[in-house]
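Remarks on the structure that follows.
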């Protein structure tokens, strides 16, 4: 007689036995609501049992992978202030949910990046939040191979003619090695840092880079420009700010392709708060003759003990939030006072602002008229940094309304944030790949200056249609457009270009609710679809 397996349906609040299935001996856990799931939902009767997990899980922390341990959850765990306003009930709900979303998975011997999807998962429940693999799980998506294969798509609404990149290089030093507590401490570490960073920036090959955490003086910028010139076959230069000091204390600076761009006017430095880390420079596109202001910034970090207004207020924003907010206000003021100097309205603000999307410094910029390009293009799925297994973006790209019409797209390239820290240039697992050349992902923005690429996100485009065939979405009457499909929680599931009057999306989606964005002819069609 065939054995029967119990199926336990795990909802947001409880787990209930739902049915019996012939021919299966292993209990099955089906998670009804992945976003609201908690390991406390697992019934006590199953502790010590071997079960099969129906829903996919994701790697959320891989720091202990050498000991065969990973943190996994049925969804990517995001920092609460990346998704909701600090201190609000919604923020507190995310904080609470994050605390019981991740479980320890034991028994995986090979390396996996954060964000990798796990299916075919059979485990022994040692406890509610500690499981041991008993079968052979399948890992797919977000691998090093897939990430290395190509840059992220930044052409959501038309082909870009220029790219701008903001990149925190995590203390890129070329002199005074070992004189401080940050950056490479030896020539061996320095050589690894230069090799790893050089491979990354050369692959990006942006027309202009705004670098953060590069050594004071000109040596670091000069070296980066030389590396790009040799590796890309295009000539690169840098903006000389006149400083002569060289050491472990860092600044922000510009490296640009002299074949496609030329600086307009002198660089302006804004020394509110931390000095030499808020810069502004106008660049002219030699092809079109159009120009824009590029503001690169590095706001004060959350580390250290703040006092008074800069003390940790317990709302998730950490220490020195007041100072970072003052810095954001100073960037807006600097823009207002320098528009006439550069004779330019268009501004792109980028950099490591050390604040997540919903925190006061970013909301100050948004309320000051800037559009958060992460959210504009990617909803809640964007990230550039992972801290204690929680993803979010500290590295930002914002612009004003006139600049927005000339942005084709933006994306973070996940070569760093999903890696184990020990792959860095001074780590125990260090290699000579581009991966984990920094602790922050580079942010890349596509530009087509002088051309209106605006999308009316408030109005659905009525001509195209979104339907389904089996488990696959079908998009009609959008030939030449572009689509992005998000889970209801904001995770980007798949994206690509549309060809033909009736286009079937290649990926079959699991059961659930999804949001389909179709970009076509200057507008966007937004549709909810359920499988």
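Rule-based calculations on the coordinates, nothing more; no lab input. Since we're looking at a predicted model, the values are computed, not measured. FYI the Cβ positions are ideal-geometry reconstructions off the backbone, even for glycines, and counts take in every protein chain you see.
Table for the structure above
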quantity	calculated
Full-stretch length increase - residue 30, residue 230 - with 0.36 nm per residue and alpha-carbon distance subtracted	66.6 nm
Neighbour-count ranking [beta-carbon atoms within 10 angstrom, fewest first] of 340, 501, 330	340, 501, 330
Span from the segment 39-75 Cα centroid across to the segment 141-178 one, whole angstrom	32 Å
Kirkwood hydrodynamic radius (C-alpha pairs) into Stokes-Einstein, segment 275-428, 20 °C and 1.002 mPa s, D in µm²/s	128 µm²/s
Fraction of the pair-distance distribution of the chain above 33 Å, Cα-Cα pairs, percent	44 percent
Between helix 321-342 and the chain: long-axis angle, C-alpha atoms, 0 to 90°, nearest 10	50 degrees
Descending semi-axes in Å of segment 392-531, equivalent ellipsoid built from Cα gyration tensor	32, 22, 13
Mean projected area (nm²) of the alpha-carbon convex hull when segment 172-246 is viewed from all directions	4.9 nm²
Förster radius 41 Å - calculated FRET efficiency between residue 88 and residue 50, Cβ distance, rounded to 0.05	0.50
Whole-Å semi-axes of segment 70-215's equivalent ellipsoid (Cα gyration tensor)	35, 22, 21
Residue-span extension gain [residue 99 to residue 301] - 0.36 nm each, minus C-alpha spacing	70.3 nm
Label-point separation, residue 422 to residue 155 (7 Å along Cα→Cβ), nm	4.1 nm
Rg and Dmax [Cα atoms of segment 60-128; Å; Rg one decimal, Dmax integer]	14.0, 41
For segment 84-162: rounded, prolate or oblate by the Cα gyration tensor [a/c cutoff 1.5]	oblate
P(r), alpha carbons of segment 150-447 - 10 Å bins starting at zero, rounded %	6, 29, 39, 22, 3, 0
42, 296 arranged by Cβ crowding within 10 Å, fewest neighbours leading	42, 296
Residue 143-residue 451 FRET efficiency (beta carbon distance; Förster radius 30 Å; 0.05 resolution)	0.25
C-alpha long axis of helix 89-99 to longest principal axis of the chain, angle in °	70 degrees
Euclidean distance between Cα centres, segment 350-418 to segment 213-232, Å	25 Å
Rounded tilt (10° steps) of 187-204 against the dominant C-alpha axis of the chain	80 degrees
Spin-label model distance (nm) - residue 476 vs residue 340, 7 Å beyond Cα toward Cβ	5.7 nm
The chain, helix-only ellipticity at 222 nm - DSSP H runs n ≥ 4, -39,500 (n - 2.57), divided by all residues, nearest 500	-5000 deg cm²/dmol
Overall form of segment 206-364 per C-alpha gyration tensor (a/c, 1.5; a/b vs b/c)	prolate
